[in-house]
Amino acid sequence: MDFLSTIVRDKREDVAAAQSRIPLDEMIARARDRGSVRDFNAAMAREEVNIISEIKRASPSKGPIRLDLDPVELATAYAEGGAAAISVLTEERYFLGSLADLQAARSACALPVLRKDFTLTDYQVYESAASGADALLLIVRLLERNQLDDLLGLTHDLGLEALVELYDEADLETIEGLAPAVIGINNRDLKTFQTDLAISKRIAAQLDERHIPVAASGIFTRADVEGNLDLGIRGFLIGESLVRSDNPAAMLRELRGVQ
């Protein structure tokens, strides 16, 4: 069993446990009763470098990154540095995240907040809305086409948006005919956790103009950003380097190419 399969197996167990604590009917009611939603798609469509800045305590490939991070402090710094949106890892077992991190980050700024997790079920979509997320991650290689359609439809029904993540040409085939606005292209193979920056460039060249490409994983420097700008990629999801930085606001400005 590859590591991604292990994560998915454990995620299904975690979702079942969450649903035993808060039944689906109650979670639906909470989702329908949420407040206003911030426009994630509009934030990523600006004619500039649009960085989704991530709050991440750890990862399976890197281990602990910054276990004592303060999501309020980081979200505030990201807003000051000109981030387009904030991504919060909420997966608990392998990334040591939580929905509490998401709620704290969103309370600290006016930016749209993306819930980054392994979304497999309707329950998680309702949970994302109820927790205040403005957008959520849908990983194509984890879902059959009908599942992707259903989860994306429910996401939009609740007023949220999605970052639909691709890795290879097989994922491109899966989303054929689908019209999600924001497409994340993961440079990291989730089975092996190996990273190759050429992936986002190759896949972005095959997207049509309806889509907003976002390069994710392995983006650390302004040179990495510029190498994607030449191909029309203006969206980036950056986590580890910002989380480790002593001055994430200044680093964001450098990555964006502004003073």
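The values are calculated or read from the model by the stated rules, or taken from the named source; none is laboratory data. Remember, it's a predicted structure, so these values are computed and weren't measured experimentally. Using ideal geometry, Cβ is built from the backbone for each residue, glycine included, and neighbour counts are taken over all protein chains shown.
Tell me, which residue of the stretch 145-168 that is modelled with pLDDT of 90 or more and under 23 Å from residue 227 (Cα atoms) is surrounded by the most Cβ atoms within 10 Å (Cβ to Cβ)? For the stretch 145-168, the residue satisfying everything is 163.
From the list 85, 42, pick out the single residue that is surrounded by fewer than 14 Cβ atoms within 10 Å (Cβ to Cβ) and closer than 26 Å to residue 181 by Cβ. Just a single option satisfies the conditions, and that option is 42. Please indicate, with yes or no, whether at least one residue in the stretch 121-134 is closer than 19 Å to residue 186 by Cβ, under 17 Å from the mean Cα position of the chain (by Cα) and not in a helix (DSSP H, G or I). Within the stretch 121-134, none of the residues are closer than 19 Å to residue 186 by Cβ, under 17 Å from the mean Cα position of the chain (by Cα) and not in a helix (DSSP H, G or I).
Across the stretch 3-21, the number of residues qualifying as free of Cβ contacts under 8 Å to residues at least 12 places away in the same chain and not small (Gly, Ala, Ser) comes to 4. Surrounded by fewer than 16 Cβ atoms within 10 Å (Cβ to Cβ), out of contact with any His (no Cβ under 8 Å at 6 or more places or on another chain), modelled with pLDDT under 95 and among the basic types (Lys, Arg), is that true of residue 34? No. Taking the criterion of being in contact (Cβ under 8 Å) with a residue 60 or more places away in the chain, more than 16 Å from residue 237 (Cβ to Cβ) and not aromatic (Phe, Trp, Tyr), the residues of the stretch 63-113 that qualify are 66, 69, 77, 80, 92, 93, 110.
Out of all the residues in the stretch 176-187, which are assigned to a loop (DSSP other than H, G, I, E, B) and either at pLDDT 90 or above or over 16 Å from residue 137 (Cα atoms) (or both)? Across the stretch 176-187, the qualifying residues are 176, 177.
When residue 90 is tested against (1) crowded, with 21+ Cβ neighbours inside 10 Å; (2) of a type outside the set (Lys, Arg); (3) out of contact with any Asp or Glu (no Cβ under 6 Å at 6 or more places or on another chain), just one condition goes unmet, and that condition is (3). Checking each residue of the stretch 227-234 against the condition of being out of contact with any Cys (no Cβ under 9 Å at 6 or more places or on another chain), under 26 Å from residue 118 (Cα atoms) and either assigned to a loop (DSSP other than H, G, I, E, B) or β-branched (Val, Ile, Thr) (or both) gives at least one match. Answer yes or no: is there a residue in the stretch 237-251 that is among the small types (Gly, Ala, Ser) and assigned to a strand (DSSP E or B). So far as the stretch 237-251 goes, no, none of its residues is among the small types (Gly, Ala, Ser) and assigned to a strand (DSSP E or B). Look at the stretch 218-237: where a residue is more than 19 Å from residue 186 (Cβ to Cβ) and a partner is in a helix (DSSP H, G or I), sitting 6+ places away or on another chain with Cβ atoms under 6 Å, you get 222/254; 222/255. When the residues of the stretch 211-225 are narrowed to those that are at pLDDT 85 or above, assigned to a loop (DSSP other than H, G, I, E, B) and not aromatic (Phe, Trp, Tyr), which ends up farthest from residue 143 (Cα to Cα)? Of everything passing the filter in the stretch 211-225, 221 is farthest from residue 143 (Cα to Cα). Taking the numbered list (1) modelled with pLDDT of 95 or more; (2) under 30 Å from residue 251 (Cα atoms); (3) crowded, with 16+ Cβ neighbours inside 10 Å; (4) not small (Gly, Ala, Ser) in turn, residue 65 passes all entries but (1). Looking only at the stretch 11-31, residues that are outside any helix (DSSP H, G or I) and either surrounded by 14 or more Cβ atoms within 10 Å (Cβ to Cβ) or polar (S, T, N, Q) (or both) come to 1 in all.
Here residue 225 fulfils each of the conditions (1) closer than 20 Å to residue 77 by Cβ; (2) loosely packed, with under 12 Cβ neighbours inside 10 Å apart from (2). Residue 51 meets each of the listed conditions (1) in contact with a Ser or Thr (Cβ under 9 Å, 6 or more places away or on another chain); (2) surrounded by 21 or more Cβ atoms within 10 Å (Cβ to Cβ) apart from (1). Looking at 231, 190, 197, just one residue is modelled with pLDDT under 90, in contact with a Lys or Arg (Cβ under 6 Å, 6 or more places away or on another chain) and at negative phi, and that residue is 231.
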